[in-house]
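What follows is a single structure, written as structure tokens, with notes after it.
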Amino acid sequence: MTILLVPNLNKPQAQAVCLRAAMALYRYGAQVLLEDTLQQSCPIQGAEYLPIDQAMEKCDAIVTIGGDGTILHAARDSLSYQKPLLGINLGRMGFLATCEVGELDKKLGCLVRGEYMADRRMLLEAVVCQPDKPSVTLTALNEVVLFKGLRTQTM
């Protein structure tokens with residue numbers, strides 16, 4: 001099995017947890033992929049670094065390391081590849097992430113052995129229409145937020 005690790009390196013623990021996840025995956029006989037832009041900031045011996053589209057195509061599953069935002073980003077990026085996602089929670093709450101750091105070894109073993117049930121999520125589609133501009137269609141996993149004014153955070 002080939003697993004794509006997607007760490008959020010803005011989280012203080014992410015690099016260490018990514019290395020720990022890679023080591024666990026190697027013990028279970030899995031191959032590890034990371035996005036090529038992480039080769040300098042998240043070096044993991046034995047991992048293959050590929051452009052994100054090639055990594056998404058090649059992997060059997062995606063493991064995010066961060067919080068719900070990391071899962072949402074990976075879900076959006078992987079939408080056309082239809083790969084299962086497992087989120088390792090480094091945040092406070094983690095509504096979408098189903099794995100805490102202490103469960104990492106056990107849950108990654110189950111993932112590699114195929115001992116899991118996929119929780120299918122419904123996708124939302126929003127169409128943004130503005131006068132004198134072409135409409136834009138967006139797909140979301142969890143929620144769509146409508147607001148008036150400037151956006152303070154991009155997803």
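The values are calculated or read from the model by the stated rules, or taken from the named source; none is laboratory data. Treat the numbers as computed from the prediction; the structure is a model and nothing was measured. Don't worry about glycine lacking a Cβ; one is built from the backbone with ideal geometry, like all the others, and counts go over all protein chains shown. We work out accessible area using only protein heavy atoms, side chains counted, and drop any ligands, DNA or RNA first. Shrake-Rupley method; radii C 1.70, N 1.55, O 1.52, S 1.80 Å.
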Q: Evaluate E = 1/(1 + (r/R0)^6) for Met93 and Lys133, where r is the Cβ-Cβ distance and R0 equals 35 Å; express this FRET efficiency to the nearest 0.05.
A: 0.45
**Q.** Nitroxide proxy distance, nm - points 7 Å out along Cα→Cβ at Gln82 and Gln45
**A.** 3.9 nm
Q. Can you work out ³J(HN,Hα) from phi for every residue in segment 64-78, in order, using Karplus 6.51 cos²θ - 1.76 cosθ + 1.60 and θ = phi - 60°, giving whole Hz and x for Gly and Pro?
A. 8, 10, x, x, 4, x, 5, 5, 4, 5, 5, 4, 5, 5, 9
Q) Roughly what % of DSSP beta bridges within the chain run antiparallel, to the nearest 5? A) 20 percent
Q. Taking 1 over the mean of 1/r across every pair of different Cα atoms in segment 14-95, what Kirkwood radius in Å do you get?
A. 13.1 Å
**Q.** Relative contact order computed over the chain (Cα-Cα under 8 Å; 6+ residues apart), in percent
**A.** 20 percent
Q. Using a 1.4 Å probe, what is the accessible area per residue for segment 50-155, in Å²?
A. 70 Å²
Q: Please report the base-10 log of the normalised intensity I(q)/I(0) for the chain, using a Debye sum with one equal scatterer per alpha carbon and no solvent, at each q in 0.08, 0.15, 0.17 (1/Å).
A: -0.25, -0.80, -0.99
Q) For segment 112-151, what are the per-bin percents of Cα-Cα distances with bins 10 Å wide, up to the bin holding the maximum? A) 21, 37, 21, 12, 8, 1
Q) Using 0.36 nm per residue, how much length does the chain from Asp53 to Met1 gain when fully extended, once their Cα-Cα distance is taken away? A) 16.9 nm
Q: Residues in segment 82-125, backbone N under 13 Å from the label point at Lys11 (7 Å along the Cα-to-beta-carbon vector): list them, ranges by number please.
A: 86-104
Q) For segment 75-155, treating each Cα as an identical point scatterer without solvent, what Debye log10 I(q)/I(0) comes out at q = 0.14, 0.26 1/Å? A) -0.67, -1.41
Q: Starting from the amide H of Thr98, placed 1.01 Å from N in the peptide plane, find each other amide H under 5 Å away whose residue is 5 or more places distant or on another chain.
A: Gly87
Q.
Using amide H atoms built in the peptide plane, which far-off residues or other-chain residues are under 5 Å from Val6 H to H?
A. Val63, Thr64, Ile65
**Q.** segment 1-70: trypsin sites (Lys or Arg not before Pro) in DSSP loop, at most 12 other beta carbons within 10 Å
**A.** none
Q. Quick one: length gained pulling Asp119 to Tyr28 fully straight, 0.36 nm per residue minus the C-alpha distance?
A. 30.5 nm
Q: Sequence neighbours fewer than 8 away in the same chain don't count; with that in mind, list the lysines whose C-alpha is under 27 Å from Lys133.
A: Lys148
Q. Ignoring ligands, DNA and RNA, what percent of the accessible area of the chain is carbon or sulfur (1.4 Å)?
A. 52 percent
Q: List the equivalent ellipsoid semi-axes of segment 44-83 in whole Å, largest first, each obtained as the square root of 5λ for an eigenvalue λ of the Cα gyration tensor.
A: 17, 14, 8
